[in-house]
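Read the figures in this text as sums done on the coordinates, not as results from a lab. Values in this document were obtained by computation on a predicted structure and should not be read as measured data. Glycine gets a Cβ as well: all are built from the backbone with ideal geometry, and neighbour counts include every protein chain shown.
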Amino acid sequence: MNKSTLTAERLMDKYGFAMTADQLTEVLGLAKDTVLRMLQRQDIKARKAGSRWIISTEIVAEYLTLGEPKEELRLIRPKGKKLIV
């Protein structure tokens with residue numbers, strides 16, 4: 001088992017398959033404003049449902065292990081363009 005699998009299993013045990021921005025703030029140990037900016041920039045791929053962010057625990061595990069998700073897991077947007085989710 002690799003480090004990413006162990007991290008993903010631990011996160012899934014605690015949070016299930018998805019987590020909120022508040023839970024991600026706790027996991028990363030960052031300020032909520034910082035985490036929200038990261039989500040808006042799609043540094044960590046996530047979806048917004050109404051006013052709530054839904055983040056895959058698997059993607060968070062990947063981010064924690066590699067420092068950033070694999071390119072195919074990120075949404076890339078041209079500089080200056082709005083992201084429509």
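The amide H of Trp53, built 1.01 Å from its N in the peptide plane, has Ala21 as neighbours under 5 Å, considering only residues 5 or more places off or on other chains. With θ taken as phi - 60° and the Karplus curve 6.51 cos²θ - 1.76 cosθ + 1.60 applied, the whole-hertz 3J(HN,Hα) list for the range 34-39 is 5, 4, 4, 5, 4, 5 Hz, x standing for glycine and proline. When you count the other C-beta atoms within 10 angstrom of each residue and take the mean per peptide, 25-34, 55-64, 10-19 line up highest first as 55-64, 10-19, 25-34. Rounded to whole numbers, the Karplus 3J(HN,Hα) couplings from phi for the range 53-61 are 8, 10, 10, 5, 5, 5, 5, 5, 4 Hz, using 6.51 cos²θ - 1.76 cosθ + 1.60 with θ = phi - 60°, and x at Gly and Pro. Using the Karplus relation 6.51 cos²θ - 1.76 cosθ + 1.60 with θ = phi - 60°, the per-residue 3J(HN,Hα) values for the range 19-28 come to 9, 9, 4, 5, 5, 5, 4, 5, 5, 7 Hz, with x marking Gly and Pro.
Database remark: amide H of Ala18 closer than 5 angstrom to the amide H of Thr57 (H placed geometrically; neighbours at sequence offset of 5 or more, or on other chains; Pro and chain starts carry no H).
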